[in-house]
Amino acid sequence: MSKLKKLTGRTLFLPIFCMLLVMCANIIYDAACGNFALNFFTISIQNGVLYGRLIDILNRGSEIAILAVGMTLVVSASAGTDISVGSVMSLAASFCCMLLAGFGVSSTNELQMPLIVGLLAGVLMGCLCGTFNGFLVAYLDIQPMVATLILYSAARAIGLLLCNNLIVYIRNDSYAVLGKFIGPVPTPILVAAACVIIALIVLKKTALGLYIQSVGINKRASRIAGLNSRKIILMCYIVCGLCAGIAGLVNSSRITSADSNNIGLSYELDAILAVALGGNSLGGGKFNLIGSIIGAYTIQAITTTLLAVGVSTDVAPVYKAIIVIIIVAVQAPAVKDYFSRQSAKRAAAKARG
Amino acid sequence: MEKNVVLTMRGISMTFPGVKALDNVDFTLRKGEIHALMGENGAGKSTLIKCLTGINAFESGEIHVDGISGPVVNHSTLDAQKKGISTVYQEVNLCPNLSVAENLFIGREPKTRIGTIDWKTMTKKSQKIMKDLSIDIDVTQNLENYSLAIQQMIAIARAVDMESKVLILDEPTSSLDDNEVEKLFVLMRRLRAQGVGIIFVTHFLEQVYAVCDRITVLRNGQLVGEYPIEELPRVKLVAAMMGKDFDDLAAIKTEDKTDYSKAPLYIEAKGLSHKGTIKPFDFEIHKGEVVGLTGLLGSGRTELARVLYGADKTQSGTMKVNGKEVKINAPIEAMNLGMGLLPDDRKAEGIIQDLSVRENIILALQAKRGVFKLLPMSKQIEIADKYIELLQIKTASRETLIKQLSGGNQQKVILGRWLATDPEFLILDEPTRGIDVGTKTEIQKLVLKLAKEGKSIIFISSEIEEMLRTCSRMAVLRDGQKVGEITEDLTQQHVMAEIAGGGSK
Ligand SMILES: Nc1ncnc2c1ncn2[C@@H]1O[C@H](COP(=O)(O)OP(=O)(O)OP(=O)(O)O)[C@@H](O)[C@H]1O
Ligand SMILES: [Mg+2]
């Protein structure tokens, strides 16, 4: 009993537990269908690239993982979520493609400027959006949900304007660089890995983690202790925008086009869910980046599994919603209280004999 | 149950991870008595109270309440309230973003005939409650607009206003000064006469002897004993709490008549002010000097200090530090000039609840070093251990979350945070709030030692004796204005007279 409690008390318990649950579901499903039971874990090489359900999850989950990095920091520092990331993904992609193709052009084989300039511009656009959000939250003290609602609705539309209401296709192999393969490995996996590793190193080597958590837990006390709470919150939103920008470009590169209406659609929900699944409190404060990343891939695993099981894309959100409800409920203080009381009661009863 | 007894707790035990907070503790409260619950920081006083009110779940033992048959187990403060036990916790736990009136009536709002909240009655009743305590505030304002002391009074007023058999006051006087304390005592005596049993926790020994009838002493989670007040004079009480003889009143201030006016000036402020809190003031402090700020509740002691530190931005005047003119826009700038501020509101402005003791201690030093110069872990551990040892912080480990420490120990951690930055100038706003007698003396000694090393210190305390023992000069404040300084004749009577305003006008 006490061992179980110790285990469930660990920070990474929730995300790892969920991940294992999804894996088990896969094994059982495969076994029940008479497939090879470990289908889920099989990785093979076909046509010179890695292939398998696991690889697919890692690949498709890249965008969520990248977004989760920024979202984790935002949640921690400001006790709120950035709901504009999906729209910002779309805007970053549209801006990049518009620059590469030229305004008003819907399809191009020739790049109008060096690829790297376009990509950087896209990422910068993400940062710009992050700065806007951060300014509203940190300096004007607007609630994060309300502040980011502005770009949630506006960013996608701005992207559409930039693309002159067109879907811009970049029919040039170089643009596919972020979405295809490097050697046998899908590039998105590498991009996500790079983002996560850089974030982890920065958090390990600087005092940033301490600063962010401190501000997230007690803004006033942090200020007295010499932290610039506003600057730190602003920075978290900028990083979040940056991540959204990168994720947008990866997504756009997969389809070598900027489809303003569809890129990043409802990704903000997955990103927020990843953070919650990672065992992070949405009330801010302490965070665990690794947890969020595991959470991100778990969500993708759920989505992929649902599709594999034959649930249609339209109904999949229903199942996701159920999972969200369970997770949020488990985290709720009232429920936690109830369980700790129950176990205390049991312990008391035991003590009495 | 004996006649006369309203509450008995028998054999209460409770364990937190790594700490046996209560070990087989008995406690008895009689009708119409004021019962002091005493003990060092971390002795288990608050824990015992929380076991009673259902915030902590105790492992073994029984609680009996007069008029209720069978053992009582409460599940929440509200639950306890229904059984006639109302509580003022150590840390004010009201809602800062609700109005004073709402806070007073939360959970028991007066209703109109159709079942909605009767705002008019609520406001009127609140006004009356506040007026009875002669506290002059606007009850429709949000609670957060008022000082900690007022908030504490409101918490008390709320608890007292409820019909109850048992009233629990856990360090209610920690941020009150003599006037408010006296008001509280009048109230307590009145309730006692009505037959209410009152549990009173405090670290001010004089207050115990002023109102209490009986004392229960805890040490390290164990019961030392229960004594009628006559049988436990001050020296014996201190010995019972600490488990050894100790004279907390021994003179610690050596009568040195250092003339600080010759020492170099550290701070020279002219005409600083902050709208709404403190009117323009001049202030000087020399190196190695300890200056006290004194005045009634809301006189602007805290506010003056905050302006010097840049926690509230000044709107006028000039400030020189070490002879150089400076402009301080934020605390970090003050820190880089060698300043530090131990704030009076520990919960709101001191502790970072969910961080460990180690992280709380190194926070200010790390902020000063900047984000890129992370203190290596070995160094962090060294610093944390140093201050845990020096200030005798009672904690399960250095990685324990600060919110799991007892109130007094949290205070020590924050003090450690500032000592770790090795400041030239330290503002201590109620540094001994909630700290037990033994450690209080240690802190006073520490202040004098720092001064001897050439550091300048502002000392703010609602306890005048404490300031008399450490300060060489005092600035007097009244109604948000600095009205004078006392350099000669630092005695209790003189200072009191100055504070009240009789002396100068
Ligand atoms: N939530 C908690 N989690 C873990 N340990 C706790 C918790 N609350 C209190 N403790 C521990 O229990 C012990 C008793 O704490 P308690 O708060 O009762 O002390 P206290 O007598 O009220 O002290 P003070 O005078 O400083 O307020 C301390 O060692 C403290 O560290
Ligand atoms: Mg206490």
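The values are calculated or read from the model by the stated rules, or taken from the named source; none is laboratory data. Predicted model, so just to flag it, every value in this text is computed and none were measured. In this analysis, Cβ positions are derived from the backbone assuming ideal geometry, glycine residues included, and neighbour counts consider all displayed protein chains. The protein model used for the area step is the full one, side chains on, heavy atoms only, and it has no ligands, DNA or RNA in it. Shrake-Rupley method; radii C 1.70, N 1.55, O 1.52, S 1.80 Å.
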Percentage relative contact order, region B:5-232, counting C-alpha pairs under 8 Å, at least six apart: 30 percent
Quick one: Cα centre-to-centre distance for region B:88-158 and region A:13-52, in angstrom? 59 Å
Quick check: Cα centre of region A:111-160 to Cα centre of region B:267-309, how many Å? 44 Å
Chain-alone versus full-assembly comparison, region A:219-260, residues with accessible loss of at least 40 Å² (1.4 Å probe): A:220, A:221, A:223, A:224, A:225, A:226
Listed here are the pairs B:324/B:373; B:262/B:394; B:183/B:412; B:31/B:128; which of them are more than 31 Å apart at the Cα? B:262/B:394
Residue-normalised accessible area of region B:1-156, given per residue in Å² at a 1.4 Å probe: 46 Å²
Taking the Cα atoms only, what angle lies between the long axis of helix A:115-134 and the longest principal axis of chain A, rounded to 10 degrees? 50 degrees
With heavy atoms of protein chains only and a 1.4 Å probe, what residues of region B:29-78 have at least 20 Å² less accessible area in the full set of chains than alone? B:57, B:59, B:75
Karplus couplings for region B:470-475 from phi (6.51 cos²θ - 1.76 cosθ + 1.60, θ = phi - 60°), rounded to Hz, Gly and Pro as x? 10, 8, 9, 7, 9, 9
Highest first, please rank the peptides A:93-104, B:361-372, B:314-325 by the mean number of other Cβ atoms sitting within 10 Å of their residues. A:93-104, B:361-372, B:314-325
One finds, for residue B:210 and residue B:261 with R0 = 25 angstrom and r their Cβ-Cβ distance, a FRET efficiency to the nearest 0.05 of 0.05
Give me the percent relative contact order of region A:52-332, please, defined on Cα pairs under 8 angstrom at least 6 residues apart. 35 percent
Radius, Kirkwood style, for region A:52-332 when every pair of distinct Cα atoms is counted (Å): 18.8 Å
If amide hydrogens are placed 1.01 Å from N in the peptide plane, which non-local residues have theirs closer than 5 Å to the one on residue B:6? B:29, B:30, B:31
Using alpha-carbon coordinates, inclination of helix B:357-369 to the longest axis of chain B, degrees: 20 degrees
Report, as an integer, the average count of C-beta atoms from other chains found within 10 Å of each Cβ along B:349-361. 4
Residues in region B:321-338 near a label at residue B:270, defined as backbone nitrogen under 20 Å from the 7 Å Cα→Cβ point? B:321-329
So what are chain B's ellipsoid semi-axes, whole angstrom, largest first, if each one is the square root of 5 times an eigenvalue of the alpha-carbon gyration tensor? 38, 27, 23
Tell me, what is the percent relative contact order of chain B, built from C-alpha pairs under 8 Å that lie six or more residues apart? 16 percent
Each residue of region A:34-48 in turn: what ³J(HN,Hα) in whole Hz from Karplus with 6.51, -1.76, 1.60 and θ = phi - 60°, glycine and Pro shown as x? x, 7, 4, 4, 9, 3, 4, 9, 6, 10, 10, 10, 10, 6, x
Which of the residues in region A:200-216 show a loss of at least 30 Å² in accessible area from their chain by itself to the complete set of protein chains, at a probe of 1.4 Å? A:206, A:207, A:210, A:211, A:214
What GluC sites (Glu not before Pro) does region B:430-501 have in DSSP loop regions with at most 14 other beta carbons within 10 Å? B:453, B:488
Between residue B:222 and residue B:179, how many nm apart are label points set 7 Å from Cα along the C-beta direction? 4.6 nm
Carbon and sulfur: what percent of the protein assembly as shown's accessible surface (1.4 Å probe)? 58 percent
Overall form of region B:432-505 per C-alpha gyration tensor (a/c, 1.5; a/b vs b/c): prolate
Okay, helix-only estimate at 222 nm for chain B: each DSSP H run of n ≥ 4 adds -39500 (n - 2.57), divide by all residues, round to 500 deg cm²/dmol; what do you get? -10000 deg cm²/dmol
With DNA, RNA and ligands ignored, accessible area of residue B:226 (1.4 Å probe; Å², nearest 10): 70 Å²
Of all DSSP beta bridges located in the protein assembly as shown, what percent are antiparallel, nearest 5? 55 percent
Measuring with a 1.4 Å probe in the full set of protein chains, what accessible area per residue, in whole Å², belongs to region B:357-505? 39 Å²
I'd like the orientation of helix B:178-193 relative to chain B: the angle between its Cα long axis and the longest Cα principal axis, in ° from 0 to 90, rounded to 10. 10 degrees
Straight-line reach from residue B:386: which aspartates and glutamates have Cα under 15 Å away, leaving out those fewer than 8 places along the same chain? B:359, B:399, B:422
Answer rounded, prolate or oblate for region B:397-465, using the Cα gyration tensor with square roots of eigenvalues a ≥ b ≥ c: rounded when a/c is under 1.5, else prolate when a/b is larger than b/c, else oblate. oblate
What shape does the protein assembly as shown take by its C-alpha gyration tensor, where a ≥ b ≥ c are the square roots of the eigenvalues and a/c under 1.5 counts as rounded, a/b above b/c as prolate, and the rest as oblate? prolate
Determine how large the accessible area of residue B:64 is when every protein chain is in place; take a 1.4 Å probe and give Å² rounded to the nearest 10. 50 Å²
From the backbone phi of region A:17-31, what are the Karplus-calculated ³J(HN,Hα) couplings (6.51 cos²θ - 1.76 cosθ + 1.60, θ = phi - 60°) in whole Hz, Gly and Pro given as x? 4, 4, 4, 4, 4, 5, 4, 4, 4, 5, 4, 4, 4, 4, 5
Note the buried accessible area between B and A here, summed over both chains, with a 1.4 Å probe, in Å² to the nearest 100. 2300 Å²
Give me the distance between the Cα centres of region B:445-505 and region A:205-245, rounded to whole Å. 39 Å
On average, how much area does the Cα convex hull of region B:5-232 cover when viewed from any direction, in nm²? 13.1 nm²
Roughly how many Å² is the accessible area per residue of chain A, as a whole number, for a 1.4 Å probe? 46 Å²
